[in-house]
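The values are calculated or read from the model by the stated rules, or taken from the named source; none is laboratory data. None of the values given here were measured: they were computed from a predicted structure. Positions of Cβ are backbone-derived with ideal geometry, glycine not excepted, and every protein chain shown enters the neighbour counts. Keep in mind that these areas ignore ligands, DNA and RNA; they rest on the heavy atoms of the full protein, side chains included. Shrake-Rupley method; radii C 1.70, N 1.55, O 1.52, S 1.80 Å.
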Amino acid sequence: RGAVTSRKGCELAIMVSSGSDVGFLQLSTAQSVSCQLHPVVMFQVLDHHTRRNAEEGRVVGALLGSVGSDGTVSLKNAFPMNHDDVIHNPQAQEFNHFFNTMADLHQRVNSREQVVGWYTTAKSSDAGKDEVGEDDVALHAFFEEKIGEKMPCILLRVDGNIQKNPKMGISAFVASNMALRQDKESAQQVLGKCFTRVTCNIRSYEAERIGVDFITQNSIGEGGGEVLGSDLEKLEMSVVKLTAMLDKTIEYCDEVEKGKIKADTQVGRELMEAVTSVPDVSPAEFEASLNKGLHDLLMVHYLGSLTQSQICFWQRMQTMP
């Protein structure tokens with residue numbers, strides 16, 4: 001028998017009674033957290049998963065990133081761990097020493113990135129399942145202790161069995177304590193962890209987006225993968241892509257006006273935001289700005305070609321008898 005008796009801050013106390021004993025089951029709900037996952041972390045996790053030993057069912061590793069003022073956690077980097085045993089010695093000591101060494105090295109390289117959680121991949125037997133297992137509780141407690149109470153510890157669960165599933169499953173979780181106490185003044189007794197799913201969106205920088213688009217649109221054949229084009233070819237591809245998107249948008253608007261398709265309010269809002277974000281400039285000013293940027297691009301391309309020619313000439317001179 002239970003009833004909600006109080007709710008203060010982020011704690012929910014439930015009074016439970018069994019015979020003459022009355023106690024409080026206290027559940028600390030997780031604070032509002034959202035994640036922004038960068039593509040480089042996905043590639044690192046999948047690379048770690050594909051390089052694992054045959055007897056390993058899954059792989060684990062640490063997540064690096066930063067936390068914004070609004071509670072958004074940016075997952076920007078990761079490093080793999082050699083095993084997932086944090087309970088039995090000496091494996092637990094080895095795990096702790098390896099983590100401290102890798103975290104210190106990454107802190108020296110980029111002090112703005114700190115440990116914000118950990119990742120794990122699904123076993124082959126758990127393909128398609130999207131839930132936290134019993135083996136994850138001890139590991140999560142380890143990383144929570146390393147991170148401290150200043151920020152939430154993120155658990156990123158990735159289903160790396162992409163051969164069996166059409167899409168790669170990615171889920172993020174945070175944990176909160178479930179505690180039992182006799183009354184509000186007595187010390188609490190932690191019973192376990194309650195994992196809560198949080199929002200996880202893909203966020204990429206411009207360079208990451210270009211790399212991901214190139215990988216997804218080009219396949220590697222017998223002669224090797226295709227190479228990235230020059231800056232001028234990239235500019236041409238961007239203009240062609242932008243023109244195609246504009247033609248598709250105009251076609252959609254025309255069909256909505258003619259009543260051929262039903263209007264979508266969400267699409268309308270997105271189009272309105274896109275139009276309002278375009279600066280109000282005259283065609284002459286836009287053309288002048290585009291020509292100036294194109295001239296700068298051509299100058300950089302010329303200087304790069306000239307430098308490459310000078311290096312090749314110097315190498316030929318050095319190899320001449």
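On inspection, Phe142 passes the criterion of being closer than 23 Å to Cys35 by Cβ, free of Cβ contacts under 8 Å to residues at least 60 places away in the same chain and not small (Gly, Ala, Ser). Against the numbered list (1) surrounded by 11 or more Cβ atoms within 10 Å (Cβ to Cβ); (2) within 30 Å of Thr249 (Cα to Cα), Ser282 comes up short only at (1). The set of residues in the range 254-281 that are β-branched (Val, Ile, Thr) and either within 30 Å of Gly293 (Cα to Cα) or touching a residue at least 24 places away in the same chain (Cβ under 8 Å) (or both) comprises Val275, Thr276, Val278, Val281. Evaluation of Ile154 against the conditions (1) in contact with a Cys (Cβ under 9 Å, 6 or more places away or on another chain); (2) open to solvent by 20 Å² or more (accessible area, probe 1.4 Å); (3) at pLDDT 90 or above shows that the sole unmet condition is (2). Looking at Asn89, is it open to solvent by 30 Å² or more (accessible area, probe 1.4 Å) and closer than 23 Å to Gln36 by Cβ? It is false that Asn89 is open to solvent by 30 Å² or more (accessible area, probe 1.4 Å) and closer than 23 Å to Gln36 by Cβ. When the residues of the range 189-213 are filtered to those that are surrounded by 15 or more Cβ atoms within 10 Å (Cβ to Cβ) and modelled with pLDDT under 70, the one that is farthest from Glu134 (Cα to Cα) is Gly211. Among residues of the range 67-88 that are without any contact (Cβ under 8 Å) to a residue 40 or more places away in the chain and over 21 Å from Val109 (Cβ atoms), those with a Cβ under 7 angstrom from a residue that is of a type outside the set (Asp, Glu) and open to solvent by 30 Å² or more (accessible area, probe 1.4 Å), sequence gap 6+ or separate chain, pair up as Thr72/Ser34; Thr72/Gln36; His83/Gln91; Asp85/Gln91. Determine whether the range 39-55 contains at least one residue that is open to solvent by 80 Å² or more (accessible area, probe 1.4 Å), of a type in the set (Asp, Glu) and either part of a strand (DSSP E or B) or modelled with pLDDT under 85 (or both). Yes, the range 39-55 has at least one match. Every residue in the range 56-97 that is outside any loop (DSSP other than H, G, I, E, B) and among the hydroxyl-bearing types (Ser, Thr, Tyr), please. Ser66, Thr72, Ser74, listed by residue number. Note on the range 231-266: residues that are β-branched (Val, Ile, Thr), open to solvent by 90 Å² or more (accessible area, probe 1.4 Å) and at pLDDT 90 or above total 1. Checked against (1) under 35 Å from the mean Cα position of the chain (by Cα); (2) open to solvent by less than 90 Å² (accessible area, probe 1.4 Å), Leu298 meets all criteria but (1). Sub-8 Å Cβ pairs linking a first residue in the range 235-253 that is without any contact (Cβ under 8 Å) to a residue 24 or more places away in the chain to a second residue that is open to solvent by less than 70 Å² (accessible area, probe 1.4 Å), at least 6 apart or interchain, are Met237/Gly229; Thr249/Leu271; Tyr252/Ile261; Tyr252/Val267; Cys253/Leu271, ordered by first then second residue. Could you tell me whether the range 69-86 includes any residue that is at pLDDT 75 or above and loosely packed, with under 12 Cβ neighbours inside 10 Å? So far as the range 69-86 goes, yes, one or more of its residues are at pLDDT 75 or above and loosely packed, with under 12 Cβ neighbours inside 10 Å.
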